[in-house]
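First comes the structure, then the notes that go with it.
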Amino acid sequence: SHIREELKMNILLIEDHPGDIMLTQEALKDPQIPQCDLYIVSDGEEALDYLNRSGRFQEAILPDLIIMDLNIPKKDGQEVLTYIKSHEDLKTIPVVIFSTSDSGSDVNKSYQLRANCYVTKPVDYDEFVTALSGIVNFWQLAERPPRP
């Protein structure tokens, strides 16, 4: 529908695990998840290039939502999160940490670094879809994130 199209959200996925990237792409096709455009980078340096629109990302669209794993190469999730939340034009973008880690210290550290949400990545496919659906539906429909 027209409204669904208007609400279409741009999501930046920062994830290096090919299996999880495929799962995310597959899950986002699920009818219970609103339509969105997914952009993918696979390490922390690429993520910063994307967000700064530098290098090969000069045409990048700033995302409405960032979904990020903590364990990514080059610069880890905590470094990327610290960078995002300390930059005036990026800090209002919601960042959801979507990680296999359920360690209390990872969770606490992420919130200290101003993550908007921390979700432990389920291994079961249906639970993965449900978790992703919850994330996208909340940020797209319930919450109106500020526009950069």
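Values quoted throughout were computed directly from the atomic coordinates according to the rules given, and no laboratory measurement underlies them. Please read these numbers as outputs of a predicted model, since none were measured by experiment. Note that we place each Cβ from the backbone using ideal geometry, even for glycine, and neighbour counts take in every protein chain shown.
For the chain, set up a GNM with springs between Cα atoms under 10 Å and report which of Pro94, Pro31, Pro122 has the largest fluctuation. Greatest mean-square fluctuation among the candidates belongs to Pro31. Between the stretch 1-74 and the stretch 79-96, how far is it from one alpha carbon centroid to the other, in angstrom? When both Cα centres are located, 15 Å separates them. Annotation note: GluC sites (Glu not before Pro) in the stretch 33-86 located in DSSP loop regions with a Cβ neighbour count of at most 11 within 10 Å are Glu59. Taking every DSSP helix (H) stretch of at least 4 residues in the chain, weighting each as -39,500 (n - 2.57) and dividing the sum by the residue count yields a mean residue ellipticity at 222 nm of -10500 deg cm²/dmol.
Measuring nothing but how far apart in sequence close Cα pairs (under 8 Å, 6+ apart) lie, relative to its length, the chain scores a relative contact order of 25 percent. The H on the amide N of Lys121, modeled in the peptide plane, is under 5 Å from the matching H of Ser99, Thr100, Ser101, each at least 5 residues off or on a different chain. For the stretch 87-96, putting each phi into the Karplus relation 6.51 cos²θ - 1.76 cosθ + 1.60 with θ = phi - 60° gives couplings of 10, 3, 7, 10, 5, 7, 6, x, 10, 9 Hz, in residue order, rounded to whole numbers and with x for Gly and Pro. For the chain, a Gaussian network of Cα nodes joined below 10 Å ranks Val123, Val41, Val136 by mean-square fluctuation, and the top entry is Val123.
Largest mean-square fluctuation among Ser133, Ser86, Ser110, in a Gaussian network model of the chain whose springs join Cα atoms under 10 Å apart, belongs to Ser86. Phi angles of the stretch 115-132 translate, via the Karplus equation with coefficients 6.51, -1.76, 1.60 and θ = phi - 60°, into HN-Hα couplings of 4, 7, 6, 10, 10, 7, 6, x, 8, 6, 4, 4, 5, 4, 4, 4, 5, 5 Hz per residue; Gly and Pro are given as x.
Kindly flag which residue pairs out of Lys8/Lys75; Lys8/Lys29; Lys8/Lys74; Lys29/Lys85 have an alpha-carbon separation exceeding 21 Å in this structure. The answer is Lys8/Lys75; Lys8/Lys74; Lys29/Lys85.
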